[in-house]
1. If the requirement is being over 11 Å from the mean Cα position of the chain (by Cα), part of a helix (DSSP H, G or I) and not hydroxyl-bearing (Ser, Thr, Tyr), which of these qualifies: LEU98, LEU83?
2. Sort out which residues of region 69-82 are farther than 22 Å from ALA27 by Cβ, of a type outside the set (Gly, Ala, Ser) and touching a strand residue (DSSP E or B) at 6+ places or on another chain (Cβ under 7 Å), and write them in order of number.
3. Just checking, does region 122-142 include any residue being touching a residue at least 24 places away in the same chain (Cβ under 8 Å), over 20 Å from PRO87 (Cα atoms) and not aromatic (Phe, Trp, Tyr)?
4. Taking only region 200-232 into account, find how many residues are out of contact with any Phe, Trp or Tyr (no Cβ under 7 Å at 6 or more places or on another chain) and in a loop (DSSP other than H, G, I, E, B).
5. Taking ALA71 and the conditions (1) without any contact (Cβ under 8 Å) to a residue 60 or more places away in the chain; (2) surrounded by 17 or more Cβ atoms within 10 Å (Cβ to Cβ); (3) farther than 29 Å from THR122 by Cα, which numbered condition does it fall short on, given that it satisfies the others?
6. Looking at LEU96, LEU83, LEU50, which one is touching a Phe, Trp or Tyr at 6+ places or on another chain (Cβ under 7 Å), of a type outside the set (Gly, Ala, Ser) and either surrounded by fewer than 21 Cβ atoms within 10 Å (Cβ to Cβ) or over 20 Å from ALA182 (Cα atoms) (or both)?
7. For region 101-158, how many residues are surrounded by fewer than 17 Cβ atoms within 10 Å (Cβ to Cβ), part of a loop (DSSP other than H, G, I, E, B) and charged (D, E, K, R)?
Amino acid sequence: MLDPRSLETAEEVAELARSLWGELPAAEGVVHVTALAGPPGAPLSELSTLAIDAHSPKSDYDAFALCFARAGADAIVITGQILRDEPQLHYSLGGLGLPEAPLLAYRRSTGRRAPPELYILTSGRGLEPEHPALHGWPRAHLVVPRGARLPEAELRCLGVVIERERRPDPRALVRRLRSEGARRVLVEVGPSTSRALYEAPALVDELLLSIYEGDEPTRRVGTLAPGALALSPWAPSTRPEPGWSFQLLGRAGTSDPT
């Protein structure tokens, strides 16, 4: 399997994705990407969501999974909690130590030339205007309750779009983005927020899993939503390095063999 740090072309990006997941993830739909932790071979129902912070275990293949998902997205949905947990988070495709040029070339090969739009569901609590995610590669949108207190003038000067709603809702946001033309919506949220997306009728078409199976102590924050367990694996999981496995699950008819 290719080394994620050695990638040079869009074709190699696609080749590594096929090797990691058994086939290339779809070009359209709603994809949820998350990391789990647990003993090797344990069923998904017994694994816990891995909290991502400065102390969580790292993998270049996990970094590739996340960057590949971002490279194919028209819109990315996260939460304010993620900004608080990851004060250095930003969305440059080279931000996790991987070569940026081949990932950008892969993005262009899918017909996407402009950056994705970043939507942050947040109450506004603890929001830092200087957070790098708010003024990086994608344009940031804050989706907040109508009464949220924000340093609005400062945020607008940074180019942040502020969207006030009566009650921000992840399902409503994902549906809206799809209706407005986002071919592929990437959801990078924790278990409490993602649970709503798996309620019937489920909105998630694909689930990209990075599973940490090593001995390093981890902080965990919940389990997969029951609706996620109804998705089907498209190929056996792969183990490109000790301590990590990767799997792609989806609904029937969402794969893209091209």
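No value in this document is a laboratory result; all are computed from the given coordinates. The model shown is predicted, which means the values in this text are computed figures rather than measured ones. Positions of Cβ are generated from backbone atoms using ideal geometry, with glycine treated the same way; all protein chains shown enter the neighbour counts.
1. After ruling out the rest, the residue left standing is LEU83.
2. Going residue by residue through region 69-82, those that are farther than 22 Å from ALA27 by Cβ are 79-82.
Next, from what is left, pick out any that are of a type outside the set (Gly, Ala, Ser): 79, 81-82.
Across region 69-82, the qualifying residue is only THR79.
3. No, the conditions are met nowhere in region 122-142.
4. Count: 15.
5. For ALA71, the exception is condition (3).
6. Going through LEU96, LEU83, LEU50 in turn, just one is touching a Phe, Trp or Tyr at 6+ places or on another chain (Cβ under 7 Å), of a type outside the set (Gly, Ala, Ser) and either surrounded by fewer than 21 Cβ atoms within 10 Å (Cβ to Cβ) or over 20 Å from ALA182 (Cα atoms) (or both): LEU50.
7. Residues that pass the stated criteria total 6.
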